[in-house]
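The values are calculated or read from the model by the stated rules, or taken from the named source; none is laboratory data. Treat the numbers as computed from the prediction; the structure is a model and nothing was measured. Note that each Cβ is placed from the backbone with ideal geometry, even for glycine, and that neighbours are counted across all protein chains shown. We work out accessible area using only protein heavy atoms, side chains counted, and drop any ligands, DNA or RNA first. Shrake-Rupley method; radii C 1.70, N 1.55, O 1.52, S 1.80 Å.
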Amino acid sequence: MMRYFTFTLVPLADRYFHPSLANARQHQDLTLEQMKYINLFEDDTGVVLLGGRGSEAAAEEVLQASDDVVDWELIPGNDGFYVYIHFVGREPAVGLLKLLDEYRLVLELPLRFTSEGYLRVTVIGSDDNIQQALRNVPETIDAQATQMGEYNPDDERAIAGLTERQREVLEAAVEMGYYEV
């Protein structure tokens, strides 16, 4: 049975996921919101597509100053911007990404940054593989569980957590037009 497990990754002891993310997080004119894509290559470099808000000039400043950024491109958007980054892998980011391959887990995207700058992550896989991966999360990261259950790709997370009665009430309200106002 395929399961999903949603947790918040909290860096411990003033250690962040990656130096370039730490620099962006500390800049007062930037807010990171999501990771739309992330992939680690065999040479321990990777690519990420980050979504954020704030000053594009500040984002460029942070990227240019980072020794861990191989290449980058800023993509302006209507309500913010995206940044494609080719990065040099650093711990604990490399260790976390390698867990996905080692335990054959699927990472549900996008990953969301919380208001505290932590990462909200959902992985999909077998119960045993998820549990083994969680036991091997780097020591500098605390994985705090928020939700888990049987994975059904057609369920939206908000609806999946409802009881049968709550789901019936919600469906009836939608059918009666309650949410059309």
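Listing for the model above:
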item: First in the range 165-177 and open to solvent by less than 90 Å² (accessible area, probe 1.4 Å), second anywhere and in a helix (DSSP H, G or I), Cβ under 8 Å, 6 or more apart; result: Arg167/Ile159; Leu170/Ile159; Ala173/Tyr179
item: Odd one out for Leu21 among (1) of a type in the set (A, V, I, L, M, F, W, C); (2) over 30 Å from Glu150 (Cα atoms); (3) assigned to a strand (DSSP E or B); result: (3)
item: Cross-chain or 6+ apart pairs with Cβ under 8 Å, the range 1-27 first and closer than 17 Å to Ser66 by Cβ and open to solvent by 20 Å² or more (accessible area, probe 1.4 Å), then modelled with pLDDT of 90 or more and among the acidic types (Asp, Glu); result: Pro19/Asp67; Pro19/Asp68; His27/Glu61
item: Qualifying residue in the range 78-85 (condition: open to solvent by less than 40 Å² (accessible area, probe 1.4 Å), of a type outside the set (A, V, I, L, M, F, W, C) and either more than 22 Å from Ile141 (Cα to Cα) or modelled with pLDDT of 95 or more (or both)); result: yes
item: The range 54-66, residues that are without any contact (Cβ under 8 Å) to a residue 40 or more places away in the chain and either surrounded by 15 or more Cβ atoms within 10 Å (Cβ to Cβ) or touching a His at 6+ places or on another chain (Cβ under 9 Å) (or both); result: Gly54, Ser55, Glu56, Ala58, Ala59, Glu61
item: Selection status of Gly46, out of contact with any helix residue (DSSP H, G or I) (no Cβ under 8 Å at 6 or more places or on another chain) and not charged (D, E, K, R); result: no
item: One residue from Leu49, Leu99, Leu107, Leu32 being in contact (Cβ under 8 Å) with a residue 24 or more places away in the chain and open to solvent by less than 20 Å² (accessible area, probe 1.4 Å); result: Leu99
item: Residue list for the range 123-138, filter: assigned to a helix (DSSP H, G or I) and in contact with a helix residue (DSSP H, G or I) (Cβ under 8 Å, 6 or more places away or on another chain); result: Ala133
item: Residue list for the range 123-145, filter: within 16 Å of the chain's Cα centre (by Cα) and open to solvent by 80 Å² or more (accessible area, probe 1.4 Å); result: Gln144
